[in-house]
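A short write-up of the structure that comes next.
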Amino acid sequence: MTRSYTIRTYGCQMNVHDSERMAGLLEASGYARSADPADADVVVINTCAVRENADNRLYGNLGHLAPVKAAHPGMQIAVGGCLAQKDRAEIVRRAPWVDVVFGTHNVHALPVLLERARHNETAQVEIAESLEVFPSTLPARRESAYAGWVSISVGCNNSCTFCIVPSLRGTEKDRRPGDVLAEVAALAADGVLEVTLLGQNVNSYGVEFGDRGAFAKLLRACGSVAGLERVRFTSPHPRDFTSDVISAMAETPNVCPQLHMPLQSGSDDVLRRMRRSYRSSRYLSIIDEVRAAIPDAAISTDIIVGFPGETEADFQATLDVVGAARFGSAFTFQYSPRPGTPAATLPDQVPKAVVQERYMRLVALQEEISWEANRALEGRVVEVLVATGEGRKDGATRRLSGRARDGRLVHFSPGAAGSEGSGIRPGDVVEVTIGYGAPHHLVSDSPVLTHRRTRAGEHHDAGTRTGVAPTGLGLPGFGAPLTKGKS
Ligand code: SF4
């Protein structure tokens, strides 16, 4: 009997990438994706450990699964990802109905551990201390027919005091450029139009094989991959963000005019205690250099409010940098101590009410700036890669959705024939005129100017027809509430 599986993914894009590998591994081992996750024979939970409620979410999930498993003979539960790497056997101690616990360094072991647990009728906990097999070398079951995640490195050599990633994903390991480009070319040959290059710190790519200019070269090399229309990357680090990368972005046509660069704080004193190795002036100088080279670049960021010891003056410094940088959008977080990180034991933890009040002020300022930036695009013609999903329904109008080249979310009217009648499919490319700029998205209700049917659109359609609908996870960028790993 073919056993079915379902994967629940939490956290950052790296986890999304790894889940596609887990799915590919299981399908290569004879499992089939469960049409209804509730009926799956195998439930895999790919966990995140970045935020406080990550634990609650995992153990809450496992609590709900206990009666499901009791009613479903032969069902197995596997827990992977960063929280598994951190908690290890503790997961089986707290939830003895879990069959497999595997870590971030041994994703490849999942099918074997499932078989061993079934055969021995005992839980299998296997955590590797360092990377055994690059997840990117494993078979993938991709979620999207038109966009792909390509990991260029795993792990991180930095030691930001609020971050648990280095202790769970290890020091940085870089893939060889040739392997990365081969994967990018294979995706493009398969009709994928957009790739996102993934790493905890893409700017230090090449440090492991001694080439500090490797990331800029990689971006340029992506420029000559036939059929590849859009290249994005995440996450850069301001300390290592060099001019050769900015030139590569500006001079390589398929590299999108979008940059997501975490600031975390605008206060140099707080940045010092976060061990971020740059200061606000350096950060703003990068923004200026990017804007000089790519005037239409959409720039977004991550900001933590309420880091231990943050004073009102420190917070004001953050507001000042936000005011100067004019981000198109920002992921904003209220600091929460993460057990196992140096910052969790720092003195002067900021009271929750103070954090909350500052957080609201930051969100209000950024909302104003985002809205102003989006209103400035009214009347502009933008190219949209149509995304999966039902789009947005405002009253009677059902709009389709997708991403502009700068990553902005666009909702557009498919025309009188409606989304079905228009023949516009996820993966196709359209050009529309922006009629309204909202705080977190753009809207077009005027007729679609051009509609390019693509192979990605064919593939997406084909996927839909076989009933195993590829579930788009949405593209990172403006407005996509995809929780981000720290960077
Ligand atoms: S925040 Fe990013 S750069 Fe800093 S340690 Fe974590 S993963 Fe590395």
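The values are calculated or read from the model by the stated rules, or taken from the named source; none is laboratory data. Note that the structure is predicted; figures quoted are calculated from it, not measured. All Cβ positions, even for glycine, are placed from backbone atoms using ideal geometry, and neighbour counts span all protein chains on display. The protein model used for the area step is the full one, side chains on, heavy atoms only, and it has no ligands, DNA or RNA in it. Shrake-Rupley method; radii C 1.70, N 1.55, O 1.52, S 1.80 Å.
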Does segment 263-273 contain at least one residue that is buried (at least 17 other Cβ atoms within 10 Å of the Cβ), more than 16 Å from the ligand (Cβ to nearest atom) and under 23 Å from the mean Cα position of the chain (by Cα)?
-> no
Can you spot a residue in segment 71-83 that is assigned to a helix (DSSP H, G or I), of a type outside the set (D, E, K, R) and either free of Cβ contacts under 8 Å to residues at least 40 places away in the same chain or under 16 Å from residue 25 (Cβ atoms) (or both)?
-> yes
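To keep it simple, each residue is scored yes or no on (1) more than 16 Å from the ligand (Cβ to nearest atom); (2) open to solvent by 20 Å² or more (accessible area, probe 1.4 Å).
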position: 261; (1), (2): no, no
position: 277; (1), (2): no, yes
position: 286; (1), (2): no, no
position: 290; (1), (2): yes, no
position: 298; (1), (2): yes, no
position: 306; (1), (2): yes, no
position: 331; (1), (2): no, yes
position: 339; (1), (2): no, yes
position: 358; (1), (2): yes, no
Check segment 4-22 and report whether any residue there is at pLDDT 95 or above, closer than 21 Å to residue 144 by Cβ and of a type in the set (Asp, Glu).
-> yes
Subset tally (residues that are in contact (Cβ under 8 Å) with a residue 24 or more places away in the chain, in a loop (DSSP other than H, G, I, E, B) and open to solvent by 40 Å² or more (accessible area, probe 1.4 Å)) for segment 84-130 | 7
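Given the criteria more than 16 Å from residue 80 (Cβ to Cβ), surrounded by fewer than 17 Cβ atoms within 10 Å (Cβ to Cβ) and within 16 Å of the ligand (Cβ to nearest atom), does residue 159 qualify?
Working: more than 16 Å from residue 80 (Cβ to Cβ): yes; surrounded by fewer than 17 Cβ atoms within 10 Å (Cβ to Cβ): yes; within 16 Å of the ligand (Cβ to nearest atom): yes.
It is true that residue 159 is more than 16 Å from residue 80 (Cβ to Cβ), surrounded by fewer than 17 Cβ atoms within 10 Å (Cβ to Cβ) and within 16 Å of the ligand (Cβ to nearest atom).
Suppose the filter is of a type in the set (A, V, I, L, M, F, W, C), buried (at least 17 other Cβ atoms within 10 Å of the Cβ), free of Cβ contacts under 8 Å to residues at least 40 places away in the same chain and within 16 Å of the ligand (Cβ to nearest atom); does residue 198 pass it?
no
Name every residue in segment 92-143 that is aromatic (Phe, Trp, Tyr) and under 30 Å from residue 195 (Cβ atoms), in order of residue number. Full working, then the answer.
Step one: filter segment 92-143 for residues aromatic (Phe, Trp, Tyr), giving 97, 102, 134.
102, 134, listed by residue number.
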Between residues in segment 343-360 that are touching a residue at least 40 places away in the same chain (Cβ under 8 Å) and residues that are open to solvent by less than 60 Å² (accessible area, probe 1.4 Å) and small (Gly, Ala, Ser), which pairs lie under 6 Å by C-beta distance while being six or more apart or on different chains?
-> 348/309; 350/306; 355/306
Output yes when any residue across segment 171-187 is surrounded by fewer than 22 Cβ atoms within 10 Å (Cβ to Cβ), at pLDDT below 95 and either under 17 Å from the mean Cα position of the chain (by Cα) or not charged (D, E, K, R) (or both), and no when none is.
-> yes
Could you check, for segment 26-44, whether at least one of its residues is modelled with pLDDT of 95 or more and under 20 Å from the mean Cα position of the chain (by Cα)?
-> yes
